[in-house]
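Taking it in order: structure first as structure tokens, then the write-up.
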Amino acid sequence: MNSDITFQAGVKDVIPTLLGYIGVGVAYGVVAQTSNFSLLTVALLCLIVYAGSAQFAITTMIVSGSPIPAIIMSAFLINSRMILMSTSMAQYFKNESLKANIAIGSLLTDETFALGMNKAAVTHGKLNSKWFNATNVIAYSVWCLSCLVGALAGKLISDPKTLGLDFAIVAMFIGLLYLQMISDRRRKLSVQLSVVLVVIISFIIYGRFLNTEIALLLSALTACFAGMVIENGD
């Protein structure tokens, strides 16, 4: 990854993350197909919801006959972390138009957020809508296509776990975290490792008393505060 923030650079930078989209997308398509979802339903969930964990949850809740309000609330809680991510990313687009910011925020994902933070570290805090739109649109397109491919191939794959597809998202996040830590020269490695440790410990503690989504959100907030304290203390 270099400091180029053109549209072409965005396409190039997002390519390494696409394997994770493909793996998880195909896995979701298989699950949706085995749940008797039509291709149209799968396509609409991908285009409108565009969130792997939320799509899995929505599919499971629909099959189990959960009420619509509960499904909507669950999807909101699962994706509530996007509020923090969007707020953190907004600082780089203060000079962009409202329309450009809405476009970026609408397609922001965990992966493109991490990719954006990695890019910001390389460019010394400089990002633009051209680069980010490229990463978002490519990721969005690949995700939707992968889900449809999974739905079409669902009858041929009885268990996605046998292919390791259930671990694809975990592997991708580990890779993104590694890239974030080695590329961010603005912060000491010891500070970054300390923040990671705070996230892990906080999540374990919160997870004993709260549901996973709330525990994850509170862990992120705790780590942000801890990181600020640690960095200012150095």
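The values are calculated or read from the model by the stated rules, or taken from the named source; none is laboratory data. Everything numeric in this text was worked out from a predicted model, so none of it was measured. Because the Cβ atoms are built from the backbone with ideal geometry, glycine has one as well, and the counts that use them run over all protein chains shown. SASA here: full protein model, heavy atoms, side chains in, ligands and nucleic acids out. Shrake-Rupley method; radii C 1.70, N 1.55, O 1.52, S 1.80 Å.
Residue-level analysis places Tyr28 outside the set of residues that are touching a helix residue (DSSP H, G or I) at 6+ places or on another chain (Cβ under 7 Å), among the hydroxyl-bearing types (Ser, Thr, Tyr) and on the phi > 0 side of the Ramachandran plot. I'd like the full set of residues that are over 19 Å from Ser53 (Cβ atoms), outside any loop (DSSP other than H, G, I, E, B) and open to solvent by 30 Å² or more (accessible area, probe 1.4 Å), limited to the stretch 79-116. Listed by number, the residues that qualify are Thr87, Ser88, Ala90, Gln91, Tyr92, Leu98, Lys99, Asn101, Ile102, Ala103.
For the stretch 147-234, give me every one of the helices (runs of 4 or more DSSP H) that falls completely inside it and has 3 or more residues that are modelled with pLDDT of 75 or more and under 21 Å from the mean Cα position of the chain (by Cα).
Details: elements: 168-183, 189-207, 212-233.
Result: 189-207, 212-233.
Contact annotation: residue pairs with Cβ atoms under 6 Å, 6 or more positions apart or on different chains, pairing a residue in the stretch 67-79 that is more than 20 Å from Gly105 (Cα to Cα) with a partner that is at pLDDT 85 or above, are Ile71/Ile58. Scanning the stretch 1-28 for residues that are within 18 Å of the chain's Cα centre (by Cα) and not acidic (Asp, Glu) yields a total of 17.
Within the stretch 47-59, the presence of a residue that is surrounded by fewer than 16 Cβ atoms within 10 Å (Cβ to Cβ) and more than 26 Å from Gly105 (Cβ to Cβ) is excluded. Going through the stretch 201-215 one residue at a time, which ones are under 19 Å from Ile71 (Cα atoms) and loosely packed, with under 13 Cβ neighbours inside 10 Å? Across the stretch 201-215, the qualifying residue is only Asn211.
What residue, among those in the stretch 10-25 that are out of contact with any helix residue (DSSP H, G or I) (no Cβ under 6 Å at 6 or more places or on another chain) and at pLDDT 90 or above, is least open to solvent (accessible area, probe 1.4 Å)? Break it down stepwise before answering.
Here is the first cut: in the stretch 10-25, the residues out of contact with any helix residue (DSSP H, G or I) (no Cβ under 6 Å at 6 or more places or on another chain) are 12-13, 15-16, 19.
Pick out the ones that are also at pLDDT 90 or above and you get 12-13, 15.
On the way: Lys12: 139, Asp13: 17, Ile15: 99 Å².
If we take residues in the stretch 10-25 being out of contact with any helix residue (DSSP H, G or I) (no Cβ under 6 Å at 6 or more places or on another chain) and at pLDDT 90 or above, then Asp13 is least open to solvent (accessible area, probe 1.4 Å).
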